[in-house]
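Novice: The structure that follows is given in the form of structure tokens.
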Amino acid sequence: SVLSRKGLKTLIIDTDPGIDDAMAIHYAFAHAGLDVLGLTTIFGNVFAWQAARNALLLSEQAHYPLDVIEGASCPLTQPLNPPSHHVHGKEGFGDLPAQTPQGTPLAKTTDAYLSEVCRAHSGEVILCPVGPLTNIASLLRYDPGIVKHVKKLVIMGGAVWAPGNVSAYAEANIWNDPHAADAVFAADWDIDLIGLDVTQTIDCDDADFKALRQAAPEIGGFLHEISGFYIKFYHSVIDRHVCLMHDPSALIAITDDELFTYRTTPLSVVCSGEQTGRTVPDDSLDRRGVRVAVGADAAKIKARFLDICGQADKMKQLREMDVML
Ligand code: BDR
Ligand code: CA
């Protein structure tokens with residue numbers, strides 16, 4: 001085999017692809033230090049069935065064989081918010097039309113899958129949710145003892161000291177299922193939270209994606225293509241021609257933790273009223289502290305993203321060779 005999986009960080013990404021989800025997933029696939037076991041999918045940017053389809057498409061595009069499992073189609077308690085088609089496009093990848101993957105999701109629930117895999121690799125698996133936290137809260141109900149087997153969670157979500165993006169208070173992933181997020185923060189496991197406090201400071205522009213297309217015409221070209229829609233959205237809300245790098249930042253926090261600074265605090269989530277979805281720091285809570293990212297070296301994080309994703313086509317070729325050997 002030309003690829004060794006020894007010594008790699010093992011992870012499962014829980015995702016609602018989504019343009020920045022696609023960036024995060026291709027970063028993970030292209031990174032030689034990561035072993036992505038599976039993609040569990042969730043409603044959010046798109047409907048649940050679209051998220052599973054898009055996850056399959058990304059893995060087939062990168063020739064990265066892994067498990068894809070379709071998760072929850074609605075929140076635990078509150079009704080489903082409409083998907084963010086205005087941010088990510090009707091099918092999740094900007095203006096690109098729907099495509100049909102070759103494969104299908106595993107015939108399993110995310111509860112059973114996550115419980116089995118995290119127990120089989122006890123203490124090794126990093127869960128990286130970059131969408132609403134419904135699947136993770138559901139796992140806690142299904143298998144409460146799982147907290148001892150998961151290495152840690154690195155979550156994209158929340159706006160702890162910074163303002164929100166769906167309201168003055170709330171970030172989209174938490175707002176889409178606040179009850180789930182509160183249950184996840186209440187559980188006794190290690191959590192790093194990569195939220196708007198830092199992700200609003202990390203961005204890429206069209207020139208960055210053009211360079212990425214040069215380095216990796218196929219996968220970089222795809223990311224360049226879908227980034228246009230996202231950049232247009234951000235131009236309409238923050239008046240800058242950039243896209244904010246929410247979900248990739250969570251993956252980069254896994255591979256390059258030293259590019260972030262953190263403050264640890266217990267967190268709870270507001271579940272009703274005007275402040276729904278707000279992540280509230282509260283030292284008096286009897287909960288394990290969450291390590292909240294509060295600072296980030298944006299220039300280095302962006303450089304890291306472009307460097308790793310620039311190798312995406314080459315890594316894909318290596319995987320194709322690996323299958324033939
Ligand atoms: C988060 O919401 C989604 O739109 C993005 O994919 C990201 O996970 C940012 O608030
Ligand atoms: Ca996402």
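Novice: So if I place +1 on the C-beta of Lys and Arg and -1 on the C-beta of Asp and Glu, and nothing else carries charge, what would the dipole magnitude of the chain be about its Cα centre? I want it in debye, nearest 20.
Specialist: With Lys and Arg at +1 and Asp and Glu at -1, about 400 debye.
Novice: Quote the relative contact order of the chain in percent (integer), defining contacts as alpha-carbon pairs under 8 Å separated by 6+ residues.
Specialist: Worked out over the chain, it gives 20 percent.
Novice: Largest first, how would Phe305, Phe47 line up by accessible area (1.4 Å probe)?
Specialist: Accessible-area ranking of Phe305, Phe47, largest first: Phe47, Phe305.
Novice: A further question on this structure: Project the alpha carbons of region 1-62 onto their principal axes and report the range along each, largest first, in whole Å.
Specialist: 37, 19, 17
Novice: Provide, as a two-decimal number, the C-alpha radius of gyration of the chain over 2.2 N^0.38 Å, N being how many residues it has.
Specialist: Against the compact-globule rule of thumb, the ratio is 0.91.
Novice: Here's a follow-up. Quick one: check the C-alpha center-to-center distance for region 159-221 versus region 73-148, whole angstrom.
Specialist: 16
Novice: With each label point set 7 Å from Cα along the Cα-Cβ vector, what nm distance links Asp95 and Glu320?
Specialist: For the pair Asp95/Glu320, the computed spacing is 2.8 nm.
Novice: Which one of Thr255, Phe185, Ala24 has its Cα pushed farthest toward the positive end of the charge dipole of the chain, where Lys and Arg give +1 and Asp and Glu give -1 at the Cβ?
Specialist: Thr255
Novice: While we're on this one: Show Thr41, Thr276 ordered by accessible area, largest first, where the area counts protein heavy atoms only and the probe is 1.4 Å.
Specialist: Thr276, Thr41
Novice: Using a 1.4 angstrom probe on heavy atoms only, work out the carbon and sulfur share of the accessible area of region 1-117 in %.
Specialist: Roughly 56 percent, rounded to a whole number.
Novice: Related question: Could you check the simple spin-label distance between Leu285 and Thr201, using points 7 Å along Cα→Cβ, in nm with one decimal?
Specialist: 2.3
Novice: Here's another thing I want to ask about it. What is the gain in length, in nm to one decimal, between Arg240 and Gln102 on full extension, counting 0.36 nm per residue of separation less the C-alpha to C-alpha distance?
Specialist: 45.9 nm
Novice: Checking the table Lys9/Lys90; Lys90/Lys300; Lys9/Lys148; Lys9/Lys232 against a 29 Å threshold on Cα-Cα, which pairs fail?
Specialist: Where the Cα-Cα span goes over 29 Å, the pairs concerned are Lys9/Lys90; Lys90/Lys300; Lys9/Lys232.
Novice: Excluding ligands, DNA and RNA, what is the solvent-accessible area per residue of the chain at a probe of 1.4 Å, expressed in Å²?
Specialist: Counting only protein heavy atoms, the per-residue value for the chain is 40 Å².
Novice: Given R₀ = 22 Å, FRET efficiency for Thr10-Lys148 by Cβ-Cβ distance, to 0.05?
Specialist: 0.85
Novice: Compute, for region 149-279, the length of the dipole vector about the Cα centre, with Cβ point charges of +1 (Lys, Arg) and -1 (Asp, Glu) only. Units Debye, rounded to 20.
Specialist: That gives a dipole near 120 debye.
Novice: With the chain treated as a Gaussian network of Cα nodes joined by springs under 10 Å, which of Asp16, Asp256, Asp247 yields the largest mean-square fluctuation?
Specialist: Of Asp16, Asp256, Asp247, the most mobile in the Gaussian network model is Asp256.
The values are calculated or read from the model by the stated rules, or taken from the named source; none is laboratory data. Note that the coordinates shown come from a computational prediction; the quantities given were computed from them, not determined experimentally. All Cβ positions, even for glycine, are placed from backbone atoms using ideal geometry, and neighbour counts span all protein chains on display. For the accessible areas, the whole protein counts, side chains as well, though only heavy atoms, and no ligand, DNA or RNA atoms are used. Shrake-Rupley method; radii C 1.70, N 1.55, O 1.52, S 1.80 Å.
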